[in-house]
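Take a look at the structure below.
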Amino acid sequence: MADSIAPRSSHRAPTLAVIGGGQLARMMAQPAIAMGLPLRLLAEAEGVSAAQVIPDQLVGDYRDLPTLLKVVDGCSTVTFDHEHVPTEHLHALSSAGVNVHPGPEALVHAQDKGVMRERLTALGVPCPRHALVSTPEEVESFGFPAVLKTTRGGYDGKGVWVVRSAEDCADAFSTAAESDVRILAEELVDFRRELSVLVARSPSGQAAAYPVVASTQRDGICHEVVAPAPDLSPELAAQAQQIGLRVAGELGVTGILAVELFETTDGRVLVNELAMRPHNTGHWTQDGAVTSQFENHLRAVMDLPLGSPSPRARWTVMVNILGGDSDTGHLYDGLPHALARDPHLRVHLYGKDLRPGRKVGHVNAYGDDLDDCLERARHAAAWFRGDLGETSE
């Protein structure tokens, strides 16, 4: 008589709720499919980027607690496409028995730059000189030139002003008064370039650090990323990774932590910003790393063993595709040229309507020759943007 075979379990994997329907949530869907992990989405509107690929969805306001409780009903864990869910709502979700990753005690450091600066300074993490200010006179006492930032709500260059006189401060304090937020003054750092290090950390404490990358910003928006950062000394690279791992551990971050850094002209690194979610400077990992930031974010928040962050190629270049001034036609129309010219190119489009300056996709090029990777990625992104003459920089 043949041996009996134990019946297979019919139970599905636990459902993960994702708050926010942008491209970051969209790009979580692909590794979730591979792992058999069901996602449930809270989208801000019908048809937004992630709503096009995640069928289990609810449309609603992330600032409304009953809506949040509804979307997490039956889910074991909740994570985020952005950091804007009110901190008190995160505590309420935790009290309701949902695993919130990253948790409210950690996420507040990405939500409030004043809280972040205070905590990092207490930990001895290198930061720019800074102070909370209430008036242009206090900024003058702090010293010009300075960078003013709203402590909450700013992103992609919004809520940031470079000021060189008391008169320059008017817009910042007007915005702060309208939004009921504080203003943080920071020194205008003399930096060589901007760096970023991504760390994945699970609730059980396992952590993995990706290679340090160099990023180029335009008008406050990430334009280009090179992985790993060229000509970065091994000592400074190790210091940056150690900062990322330490911050993740000390703040209790779960999921992906992105630490944006300044490499100063005198050879130091200073922490600029924190993000506790997959990050634009980590998009290169989709095609250039053994395990993408999106997969490791899912693994981390579900407390699964993390995947390797090692690079697959010597160099990977990511260039964002932004909506141009004309915005006629469709991004899909750019695929035949881009893919025919470079069969090794990887294109990621977000399903967004075109608007000037809006992130609507990105391209990744990888290989052994950095100049070749730069040319290929820049050409493709320029083609999609309609900047047909801009194939290099």
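Values quoted throughout were computed directly from the atomic coordinates according to the rules given, and no laboratory measurement underlies them. Bear in mind the structure is a predicted one, so any value in this text is a computation, not a measurement. Glycine also receives a Cβ, built like all others from the backbone with ideal geometry; neighbour counts cover every protein chain displayed.
Take the alpha carbon gyration tensor of segment 129-187, find the square roots of its eigenvalues, order them as a ≥ b ≥ c, and report rounded if a/c is under 1.5; if not, report prolate when a/b exceeds b/c, else oblate. Prolate shape, in that a/c is at least 1.5 and a/b is the bigger ratio. Considering segment 63-114 at the alpha-carbon level, its Rg and Dmax are found to be 10.4, 35 Å. Equivalent ellipsoid of the chain: semi-axes from √(5λ) of the C-alpha gyration tensor, largest first, are 33, 28, 22 Å. Across segment 168-327, counting alpha-carbon atoms alone, Rg and Dmax equal 16.9, 50 Å.
Once a ≥ b ≥ c are taken as the square roots of the eigenvalues of the Cα gyration tensor of segment 171-229, is the result rounded (a/c under 1.5), prolate (a/b larger than b/c) or oblate (a/b not larger than b/c)? Oblate is the answer for segment 171-229, as a/c is 1.5 or above yet b/c matches or exceeds a/b.
Neighbour counting of Cβ atoms within 10 Å sorts the residues 169, 75, fewest neighbours leading, into 75, 169. Springs between Cα atoms under 10 Å define the GNM used for the chain, and in it the highest mean-square fluctuation of 223, 344, 89 occurs at 344. Within the listed set 376, 40, 129, the residue fluctuating most in the Gaussian network model of the chain (springs between alpha-carbon atoms under 10 angstrom) is 129.
For a distance above 18 Å, tell me the whole-number percent of Cα pairs in segment 255-304 that qualify. Here the long-distance tail beyond 18 Å is 41 percent of all Cα pairs in segment 255-304.
With kT/(6 pi eta Rh) evaluated at 10 °C and eta = 1.306 mPa s, and Rh the Kirkwood radius from Cα pairs, segment 86-219 diffuses with a coefficient of 94 µm²/s according to Stokes-Einstein.
Counting only helical runs of four or more DSSP H residues, what would the 222 nm mean residue ellipticity of the chain come to if each run contributes -39,500 (n - 2.57) and the total is spread over all its residues?
On the way: 12 runs with 120 residues, N = 393.
Mean residue ellipticity at 222 nm (helix-derived): -9000 deg cm²/dmol.
From least to most packed, judged by other beta carbons within 10 angstrom and beginning with the fewest, 33, 183 follow the order 33, 183. Build a GNM of the chain with springs between Cα atoms under 10 Å apart, and of 164, 246, 12 the one that fluctuates most is 12.
Of the chymotrypsin sites (Phe, Trp or Tyr not before Pro) found in segment 123-187, none is in coil by DSSP with at most 12 other Cβ atoms within 10 Å of its Cβ.
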